[in-house]
Amino acid sequence: MNPQANQRQSRSGASVGFMHFVAIGGMTVNLSTTVSVRKASISDIEKLHDIIQGYAKQGIMLPRSKEMLEEQIDTFVVAESDGLLIGCGSLTQLGPDLVEIRSLGMTQGYKGQGIGGKLVNFLVEEARSQGIIKVMALTYEVAFFQKNGFTLVPKEIFPEKVWKDCMHCKKQYCCDEIAVLKRLD
């Protein structure tokens, strides 16, 4: 089954309603639901770990241990639908005016429904509330970030990222991720 969705935008930016159209035994069933975004809590660690490890196994995301997630839980946000955790992302400070969106992912079947955009908007607003003026990401999903107001930039303008994370990455000398930036000033 490949659910498709019609997106409804919410003014708060914290939730999005959508409709699933699912084929069951030759019949299409309409399942309406709402997705909410909130700060992560300790009880989310297992599911966060599952989502992140799924991407890490594909070489798309750096792995995170459960211990690391517990230490950094205050940097994570999650998307929920009908009580299920279906997406996540984190905001990591790299410098006095720079944060990185990382560990952005969805569980299978939820990609392309506006949930990633809601997570990014929530994280961008969090950066704005902290007075941070630059939000960056390293990504393979350039079009997604461009759709959300980011522009392409050279990775080399982020030495903070290199010293914090890249030196521990197995792709350090052959990184194929693309850097994107959104200025909030």
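The values are calculated or read from the model by the stated rules, or taken from the named source; none is laboratory data. Given the structure is predicted, the values throughout are model-derived calculations rather than measurements. Glycine gets a Cβ as well: all are built from the backbone with ideal geometry, and neighbour counts include every protein chain shown. These accessible areas exclude ligands, DNA and RNA; they are computed on the full protein's heavy atoms, side chains included. Shrake-Rupley method; radii C 1.70, N 1.55, O 1.52, S 1.80 Å.
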Inter-probe distance in nm under a simple model that places probes 7 Å from Cα toward Cβ, at LYS147 and ARG38: 2.7
Heavy-atom accessible area with a 1.4 angstrom probe orders SER36, SER103, most exposed first, as SER36, SER103
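Do the alpha carbons of any pairs in LYS47/LYS134; LYS47/LYS111; LYS39/LYS66; LYS47/LYS118; LYS66/LYS182 sit beyond 24 Å of each other, and which pairs? Numbers along the way, then the final one.
Values: LYS47/LYS134 29 Å; LYS47/LYS111 17 Å; LYS39/LYS66 17 Å; LYS47/LYS118 19 Å; LYS66/LYS182 30 Å.
Beyond 24 Å: LYS47/LYS134; LYS66/LYS182.
Quick check on region 51-162: take the gyration tensor over C-alpha atoms, sort the square-rooted eigenvalues as a ≥ b ≥ c, and tell me if it's rounded (a/c under 1.5), prolate or oblate.
Values: a/c = 1.39, a/b = 1.30, b/c = 1.06.
In terms of gyration-tensor shape, rounded.
Mind putting a number on the dipole of region 38-136 about its Cα centre? Charges go on the C-beta only, +1 for Lys and Arg and -1 for Asp and Glu, and I need it in Debye to the nearest 20. Mind showing how you got there, number by number?
Numbers: 11 positive and 13 negative charges, 66 e Å.
About 320 debye.
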For region 93-144, which trypsin sites (Lys or Arg not before Pro) are in a loop by DSSP, counting at most 16 other Cβ atoms within 10 Å? LYS111
Pull out the extension gain between ALA56 and LYS155, defined as 0.36 nm times the separation in residues minus the alpha carbon to alpha carbon distance; nm, one decimal. 33.6 nm
